[in-house]
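Chemist: The structure is given below, and queries will be raised subsequently.
The values are calculated or read from the model by the stated rules, or taken from the named source; none is laboratory data. Owing to the predicted nature of the structure, the values given are computational and were not obtained by experimental measurement. Neighbour counts are summed over all protein chains in view; Cβ atoms, including those assigned to glycine, are modelled from backbone coordinates with ideal geometry. Ligands, DNA and RNA are stripped out before the accessible areas are found, and what is left, the full protein with its side chains, is counted by its heavy atoms. Shrake-Rupley method; radii C 1.70, N 1.55, O 1.52, S 1.80 Å.
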Amino acid sequence: MKVAVFSTKPYDEQFLGQASRDSQEHELVFLEPRLNTTTAALAKGFDAVCVFVNDQVDGAVLEQLAEGGTRAVALRCAGFNNVDLKAAERLGIDVVRVPAYSPYAVAEHTVALILTLNRQIHRAYHRIRDGNFALDGLLGFDLRGRTVGVVGTGQIGLEVVRIMRGFGCRVLCHDLHTNPEAQQLGGEYVALDDLFSQADIVSLHCPLTPDTHHLINADAVAKMKQGVMLINTSRGAMVDTAAIIEGLKSGQIGYLGLDVYEEEGDLFFEDLSNIVLKDDVFARLLTFPNVVITGHQAFFTRNALESIARTTLGNLTELESTGQCANRVTAPAG
Ligand code: NAD
């Protein structure tokens, strides 16, 4: 297939380009712009587009793609909340994704945020470079014996359970479905409110759906332990950022680690260091000493990128040769 790759960064070109040369399949054209109604015209004449988390794949964009002859959208990520699946189905456009590449990458980054926040590595780094060797303000706690709440125990959540059990934590789990592997590791399934009221650390690993949108709101924060650590490496809109800021100001939230942000589409993956930050909510988050934010990099390991590239091209090969794909995403019925 002739594939227009949107939102291309140098690493996308490196890994997708390598996978394409290895498989000798598909002709990839790398485009820097993000896919939206203005840039969709660039895909005219391409069989498929390859997109990432912040590309806009709504009804208007899909209509333009269909008019231009595009038959497939290949997501080079797991989440598909940015795609209007009903519109895609109506227009006869197949949507495929990479459901699993490296749950370890995201789980390990989650734990990196936990450890950084607890032991104040982000502050210690600057202090030492500034010749300040005082320890005041850097006091942490032993993870052993603490309670970690894992919301969403699919592939990534399961790895978080495994690692945190290794630290000697008690792990509470919440999911629509029980994962026997998480139970075998010692994870205890509880109602969400019980998880909120008992966990010292709450970590989110669900997909963004209408049900999980703002799952962490003012009510949820109020149910949590005073000084709780909240970690979100799933999708930004699972958290109501305004409620979190209030929680940080009151001390109800003692630590916040984010790899994703509700309005990240305007910020993440770009070098904006020479531009005035216009997002006042994001700017407020940056003022807290107990907040660590990374720019949607949890997936970003060599292993994950190799796997993403291989699966993305494999999905297109499968679609082209059989008209089907095991990694196809369809709109929920109704
Ligand atoms: P997965 O599908 O394996 O697991 C998701 C789990 O969430 C499932 O067990 C599902 O039953 C559960 N779930 C769904 N709705 C729920 C609800 N309302 N309440 C409780 N549980 C619910 O997915 P995964 O591979 O573990 O990925 C989880 C999420 O992590 C993805 O959807 C994606 O948004 C995010 N992600 C982020 C990055 C990153 O770089 N930050 C990378 C990959 C994935």
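Chemist: Kindly establish whether THR70 is surrounded by 20 or more Cβ atoms within 10 Å (Cβ to Cβ) and modelled with pLDDT of 95 or more.
Modeler: When the stated conditions are applied, THR70 passes them.
Chemist: Could you please give the count of residues in the range 269-318 that are within 13 Å of LEU258 (Cα to Cα), within 16 Å of the ligand (Cβ to nearest atom) and open to solvent by 30 Å² or more (accessible area, probe 1.4 Å)? Please lay out each step first, then the result.
Modeler: From the range 269-318, those within 13 Å of LEU258 (Cα to Cα) are 282, 285-286, 288, 290-298; that's our starting set.
Right, trim to within 16 Å of the ligand (Cβ to nearest atom) and you get 292-298.
Right, trim to open to solvent by 30 Å² or more (accessible area, probe 1.4 Å) and you get 293, 295, 297.
Count: 3.
Chemist: Given (1) within 13 Å of the ligand (Cβ to nearest atom); (2) buried (at least 16 other Cβ atoms within 10 Å of the Cβ); (3) touching a residue at least 40 places away in the same chain (Cβ under 8 Å), where does ILE201 come up short, assuming only one miss?
Modeler: (1)
Yes/no per residue for (1) closer than 22 Å to ARG90 by Cα; (2) open to solvent by 40 Å² or more (accessible area, probe 1.4 Å):
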site	(1), (2)
LYS2	no, yes
VAL5	no, no
GLN14	no, yes
ASP22	no, yes
ALA41	yes, yes
ALA48	yes, no
VAL61	yes, no
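Chemist: Could you run through the range 80-108 and say how many residues are within 16 Å of the ligand (Cβ to nearest atom) and either in contact with a Pro (Cβ under 6 Å, 6 or more places away or on another chain) or open to solvent by 50 Å² or more (accessible area, probe 1.4 Å) (or both)?
Modeler: Matching residues across the range 80-108 total 6.
Chemist: A further question follows. In the range 212-233, what residues are open to solvent by 10 Å² or more (accessible area, probe 1.4 Å) and within 16 Å of the ligand (Cβ to nearest atom)?
Modeler: Those that are open to solvent by 10 Å² or more (accessible area, probe 1.4 Å) and within 16 Å of the ligand (Cβ to nearest atom): THR212, HIS213, HIS214, LEU215, ASN217, ASP219, LYS223, THR233.
Chemist: Could you please tell me which pairs satisfy a Cβ distance under 6 Å, a separation of 6+ or placement on different chains, a first residue in the range 141-160 that is assigned to a loop (DSSP other than H, G, I, E, B), and a second residue that is away from the ligand (no atom under 11 Å from the Cβ) and of a type outside the set (Phe, Trp, Tyr)?
Modeler: Here the result reads LEU143/CYS169; ARG144/GLY168; ARG146/CYS169; ARG146/ASP200, each pair linking the range 141-160 to a residue that is away from the ligand (no atom under 11 Å from the Cβ) and of a type outside the set (Phe, Trp, Tyr).
Chemist: How about the range 234-261: which of its residues are open to solvent by 30 Å² or more (accessible area, probe 1.4 Å) and either within 9 Å of the ligand (Cβ to nearest atom) or closer than 25 Å to GLN297 by Cα (or both)?
Modeler: Passing the criteria: ARG235, ASP240, ALA242, TYR255.
Chemist: Of everything in the range 125-180 that's small (Gly, Ala, Ser) and surrounded by 22 or more Cβ atoms within 10 Å (Cβ to Cβ), which residue is nearest to LEU195 (Cα to Cα)? Before you say what the answer is, go through the steps one by one.
Modeler: The initial filter retains those residues of the range 125-180 that are small (Gly, Ala, Ser), namely 131, 134, 137, 140, 145, 149, 152, 154, 157, 166, 168.
Adding the requirement that they be surrounded by 22 or more Cβ atoms within 10 Å (Cβ to Cβ) leaves 149, 152, 157.
Numbers: GLY149: 6, GLY152: 12, GLY157: 14 Å.
In this case the residue turns out to be GLY149.
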